[in-house]
1. Just rank THR150, THR59, fewest to most, by other beta-carbon atoms within 10 angstrom.
2. Give me ASP100, ASP60 sorted ascending by neighbouring Cβ count inside 10 Å, so fewest comes first.
3. Please report MET1, MET159 as a ranked list, fewest other C-beta atoms within 10 angstrom at the top and most at the bottom.
4. Which of ARG213, ARG22, ARG131 ends up with the largest GNM mean-square fluctuation for the chain, with Cα atoms connected below 10 Å?
5. Near LYS171, which lysines are there with a Cα under 16 Å away, not counting those fewer than 8 places off in the same chain?
6. Does segment 95-167 classify as rounded, prolate or oblate by the C-alpha gyration tensor (a ≥ b ≥ c root eigenvalues; a/c under 1.5 gives rounded; else a/b over b/c gives prolate, otherwise oblate)?
Amino acid sequence: MRQRTIKDTLRIDGIGIHTGERSEILLHPAEENTGIVFYRNRTLIQAVPENVVGTFLSTDLGSGSEVVKTVEHLLATLHLLGVTNMVVEVVGGCEIPIMDGSAYVFYKEMKDLVVEQDEEVDPVSPEETFRVRSGEAWIEVSPCDCLEITYEGVFKGYMGEQRFTFRGNAKDVVLARTFCFDEDIEFIRSRGLGKGGSLDNTLVIGRNGVYNREGLRYEDEPARHKVLDLIGDLYLLGAPFKGRVVSHRGGHTLNYMAVREIYKRSKSGLRSLRS
Ligand code: ZN
């Protein structure tokens with residue numbers, strides 16, 4: 001497939017869900033073979049597995065003393081649109097803005113700006129089926145000439161068991177919002193996170209329903225959001241992914257384990273990780 005970038009710089013601002021700080025990013029077009037690169041305080045941070053510095057409730061990238069938090073929804077959008085080259089300049093705060101908690105704003109603003117470039121990019125594909133595990137959770141990765149991502153989980157509150165499979169239609173996942181359970185908010189805040197979280201950017205689930213007045217955007221919105229996160233985390237591979245992934249109760253930490261394993265095993269994986 002051909003490499004892609006966007007044709008104009010795009011400015012997006014909002015707040016960081018974890019830092020609670022105002023956040024402003026400039027999405028710049030980039031030359032072929034640039035990859036997805038974050039740029040903050042004169043530091044370049046390539047979106048590759050070795051730059052992952054945190055996976056607790058968000059995926060964070062860093063290099064030296066610079067960190068860019070919560071990159072997953074932006075990366076998911078770039079993965080869905082096949083944008084392979086971009087410089088994401090973080091000019092305010094140290095976190096990608098959460099917007100409405102979904103990838104919708106990124107997707108809507110970017111989709112008509114995408115342009116193909118001359119050079120090709122090889123997708124990253126697994127050659128055989130394997131699983132990574134952590135406790136009860138596992139992720140299975142298998143070869144397929146497709147991008148098919150399934151999430152299955154048992155959610156607290158009234159959401160219960162959910163299973164959703166993405167088969168290539170961005171509209172099935174871009175609107176799915178970040179969610180949390182009311183009983184977990186205190187814990188999240190006690191860890192110094194979720195400072196910017198509100199009903200404007202998070203689906204808050206209780207025992208009998210959701211707190212958000214507008215209700216759910218999809219009946220299985222949490223499972224779809226988990227798929228969106230996985231599409232974003234998979235883009236840390238540095239190239240579009242082709243394969244089938246089933247996540248059973250996974251989160252960012254397990255997604256990252258799967259990414260590292262795919263990297264090690266795939267032909268286009270970085271050599272440094274394969275040793
Ligand atoms: Zn998310």
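1. Values: THR150 20, THR59 29.
Lowest to highest Cβ neighbour count: THR150, THR59.
2. On the way: ASP100 15, ASP60 22.
The fewest-first ordering by Cβ neighbours comes to ASP100, ASP60.
3. Values: MET1 13, MET159 21.
Listed from fewest to most nearby Cβ atoms, that is MET1, MET159.
4. So, out of ARG213, ARG22, ARG131, the one fluctuating most is ARG213.
5. Output for LYS171: LYS108, LYS111, LYS226.
6. On the way: a/c = 2.49, a/b = 1.19, b/c = 2.08.
Here segment 95-167 falls in the oblate category.
Every read-out reported here was derived from the displayed coordinates using simple, explicitly stated rules and does not represent laboratory data. Just so you know, these numbers come straight off a predicted model, no measurement behind them. Here Cβ is always computed from backbone atoms with ideal geometry, including for glycine, and neighbour counts include all displayed protein chains.
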